[in-house]
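For reference, the structure is listed below as structure tokens.
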Ligand SMILES: C[S@@+](CC[C@H](N)C(=O)[O-])C[C@H]1O[C@@H](n2cnc3c(N)ncnc32)[C@H](O)[C@@H]1O
């Protein structure tokens, strides 16, 4: 299968998952996509900075981040045109279209110059999307490549649930699998190796007894 076929197959899968879900997404996900607001608080965007979200979904995070960092400019990429339709309507509804730009693309291989007319960003963040991206390690590498020197990559996602009851872990994983979500058990090792490869520092935290992980990789200046 070629890269183009893989991309359009996954785009169609995500459109299928979210065609109806997108209408109730923000309402339902607030109860279980934990740690997203903490990640936004930690972005610490520099004045007039630029921020890219990979897998931006309904635009929920970007909209909250525009309130927290009113001088920054935001960019959102998602593979699902269904999700982008919801994001675009929400951003226009909030009158934020002058500071947010959206584009359709694959987080594992995107050309920021072509999509957003800029090569790099002060911050990149990925919220509960690595667990849905086949070849997610490439999205981590692509994010680091898209950062300015001194910039940081912020990740929040499902953790290994290692300090939660076993039954909870099995039920959660079976339920997530129905939505094509797989917690990335090798996340810590992959981020450690990416931090070594790029000379970045890594801060890795587990939240809520391992339910979620929050990581920040900072590139050298
Ligand atoms: C669980 S949602 C998270 C949305 C948002 N980041 C949030 O925190 O609410 C995952 C998103 O990742 C997108 N996605 C999945 N695979 C992708 C890929 N390869 N490239 C870009 N986006 C992708 C999906 O379309 C979906 O919008």
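FYI, it's all coordinate maths here, none of it is from the lab. Just so it is clear, the model here is predicted, and its values are computed rather than measured. Neighbour counts run over all protein chains shown; Cβ positions are idealised from the backbone, glycine included.
Just a few scattered comments:
- Ranking of 175, 136, 167 by count of other Cβ atoms within 10 Å, fewest first: 167, 175, 136
- Region 123-177: C-alpha gyration tensor shape, a/c 1.5 cut-off, then a/b vs b/c: prolate
- In percent, rounded to a whole number, the relative contact order of region 70-134 is 34, using alpha-carbon pairs under 8 Å and six or more apart.
- For the chain, the antiparallel share of DSSP beta bridges with both residues in that region comes to about 45%.
- Only helices enter the 222 nm calculation for the chain: every DSSP H run of n ≥ 4 contributes -39,500 (n - 2.57), and dividing by all residues gives -12000 deg cm²/dmol, rounded to 500.
- Gain on full extension, evaluated as 0.36 nm per residue between residue 99 and residue 173 minus their Cα-Cα distance, stands at 22.9 nm.
- Most mobile of 82, 94, 194 in a GNM of the chain (Cα contacts under 10 Å): 94
- Choice from 211, 69, 32 showing the highest fluctuation, given a GNM over the chain with Cα pairs closer than 10 Å: 32
- Nearest-0.05 FRET efficiency for residue 2 and residue 81, computed from C-beta distance (R0 22 Å): 0.60
- Gain on full stretching of the segment that runs from residue 109 to residue 203 - 0.36 nm per residue minus C-alpha separation: 31.4 nm
- Share of Cα-Cα pairs in region 17-168 lying beyond 25 Å, as whole percent: 24
- Rel. contact order, % - alpha carbon contacts under 8 angstrom, at least six apart, the chain: 18
- Proxy reagent accessibility, fewest Cβ within 10 Å first, across 45, 51, 17: 17, 45, 51
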